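Only one structure is covered here, and it is reproduced in the block below.
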Amino acid sequence: MSLYLYGLYTLLGLVNFENMNEQEIKQFALEYREGLLGNKSSHSMCWVVTQPLSLLLQEIGIDNEIVCYDIDSSRSVQPLECEVVEHYCIKISRKILDPTADQFGLDKVFFGNRPIWYVDPN
């Protein structure tokens with residue numbers, strides 16, 4: 001379902017976003033990301049995608065918070081240009097929604113337990 005249809009269905013009261021399952025949230029994030037980036041690379045775009053997506057999720061009733069992790073390139077699926085990269089993504093309950101995960105060798109949008117190379121900087 002496209003974001004346009006999500007918006008239309010919301011206005012008509014036909015969708016209950018608060019009860020979206022993980023796959024629906026991931027699909028929603030993917031469609032949002034593609035609407036924003038199109039075919040462009042997600043490299044260094046984490047804040048540009050994550051911040052407005054977090055606000056949109058809040059607006060439709062999905063409680064979340066933006067979190068920042070250091071990405072440890074020695075553990076990453078895909079080699080990085082530097083040793084550690086600061087990266088923003090969204091935390092929903094105990095899971096991570098990362099709409100720019102493909103820059104680290106994952107799917108375009110990742111939703112699951114925090115990968116081991118996402119290191120809490122604290």
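Annotations
- Residue satisfying all of: in segment 63-105; of a type in the set (Gly, Ala, Ser) and at pLDDT 90 or above; nearest to ARG33 (Cα to Cα) among these: ALA101
- Subset tally (residues that are in contact (Cβ under 8 Å) with a residue 24 or more places away in the chain and either of a type in the set (Phe, Trp, Tyr) or open to solvent by less than 70 Å² (accessible area, probe 1.4 Å) (or both)) for segment 36-71: 21
- Of the criteria (1) at pLDDT below 90; (2) buried (at least 18 other Cβ atoms within 10 Å of the Cβ), which one LEU14 fails: (2)
- Test result for ASN19, on the phi < 0 side of the Ramachandran plot and at pLDDT below 85: yes
The values are calculated or read from the model by the stated rules, or taken from the named source; none is laboratory data. The structure presented is a predicted model; accordingly, all values stated were derived computationally and were not measured. Backbone-built Cβ (ideal geometry, glycine too); neighbour counts: all protein chains shown. Side chains are part of the model used for accessible areas, which takes the heavy atoms of the whole protein and leaves out ligands, DNA and RNA. Shrake-Rupley method; radii C 1.70, N 1.55, O 1.52, S 1.80 Å.
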